[in-house]
Amino acid sequence: MPLVTTTEMFKKAYAGGYAIGAFNVNNMEIVQGITEACREEKAPVVLQVSKGARAYANHTYLVKLVEAAVAECPEIPIALHLDHGPDFETCKSCIDGGFTSVMIDASSKPFAENIEITRKVVEYAHDHGVVVEAELGTLAGIEDEVKVDAHAASYTRPEEVEEFVAKTGCDSLAIAIGTSHGAYKFTAAQCTRNEKGILVPPPLRFDVLEEVSKRLPGFPIVLHGSSSVPQDYVKMINDNGGKMPDAVGIPEEQLRHAAELSVCKINIDSDLRLAMTGTIRAFFNEHPDKFDPREYLKPARANIKELVRHKLVDVLGCAGKA
Ligand code: G3H
Ligand code: 13P
Ligand code: ZN
């Protein structure tokens, strides 16, 4: 099947109590690792491209890689989504350039301005058969080179969501309930430590999610910053010359619970980066004489695939839903 929008996927995910995985893509191995897992697990998927990805790999290369995945995996629905679109022009360029979904992220702007920018993107997108994700509330962490400190982050205010959705016409809404971008989601001071000395982050604000869902019945909610920062990969990185102390993510049980509620799309990027980097670091430590990129990218791609499979089956609940 050709590229799809997220409309059908989200409708089924909402009704079925699961979420679609939205994975960031930057090169061929990442596209292949994700989509091979989705094909084998019969899972619908959102492949998403950030402004940084477009700057790195070039819009056309990324679209063509995703089109190749669509040709290789005709039996699963795949949406191509712009992640954190910073302005109308970037959204327009992706809408004109083959994307089926865009995010306009004006969440750092005042409420009225966020509505105005989002509505303009929605009008253009809907005229072209493309769906729009918007955002209310501010996540901590690093996204597209912008660092938001924990103290500047703010939870979504449930009392704003009905007006926002009614006035913008957006198709899904990303909210801030305590997730955060990157591999260092929380400072040690924000966490407690378990018996193994591993940092345990503060729990997600399910009260905010439930209040939002009550006000927007049936409406698809999105969670950004939802990597769990697997400690095995952090250890693999640190055991092989890396230095990532106190990297900590969102516990997978909490993401599973969010997926059972109104969360229909869960964004995961950092976990894939950790898998790729850990695998490559370990490879070079074991084989200091090797220099063929295919030799170290092959196990990196395989580990991305297994990590995505685990997310589809054990966290998102979307395996078998294609
Ligand atoms: O939320 C941001 C995504 O992880 C994309 O990251 O801007 O480094 O491509 P990036
Ligand atoms: P992570 O950094 O937690 O993987 O979040 C990715 C994301 O939200 C992409 O938009
Ligand atoms: Zn994000």
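Laboratory data are not the source of any read-out in this text; all were calculated from the coordinates shown. All figures in this text were calculated on a predicted structure; none of them were measured in a lab. We place every Cβ from the backbone using ideal geometry, glycine too, and count neighbours over all the protein chains shown.
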For region 273-314 the translational diffusion coefficient, Stokes-Einstein from a Kirkwood Rh over Cα pairs at 25 °C and viscosity 0.890 mPa s, in µm²/s, is roughly 230 µm²/s
Which helices pass in the chain if a helix is a full DSSP H run, must span at least 15 angstrom along its long axis by Cα, and must have mean Kyte-Doolittle hydropathy not below -1.0?
28-41, 59-72, 111-127, 270-286
Convex hull of Cα atoms in region 220-322, direction-averaged projection (nm²):
7.2 nm²
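So how do 213, 50, 226 line up by other beta-carbon neighbours within 10 Å, fewest first?
Values: 213 19, 50 22, 226 32.
The order, fewest Cβ neighbours first, is 213, 50, 226.
What is the order of 1, 28, 103, fewest Cβ neighbours within 10 Å to most?
Neighbour counts put them in this order, fewest first: 1, 28, 103.
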Binned Cα-Cα distance frequencies in region 21-82 - 10 Å width, integer %:
25, 61, 14, 0
Largest-first semi-axes in Å of the equivalent ellipsoid built from the Cα gyration tensor of the chain are 29, 24, 18
Projected-area average for region 220-274 over all orientations - Cα convex hull basis, square nanometres
3.7 nm²
What's the exposure ranking of 154, 228, 101, going from fewest to most Cβ atoms within 10 Å?
154, 228, 101
Over the chain: helical MRE at 222 nm, DSSP H runs n ≥ 4 each giving -39500 (n - 2.57), nearest 500:
-13500 deg cm²/dmol
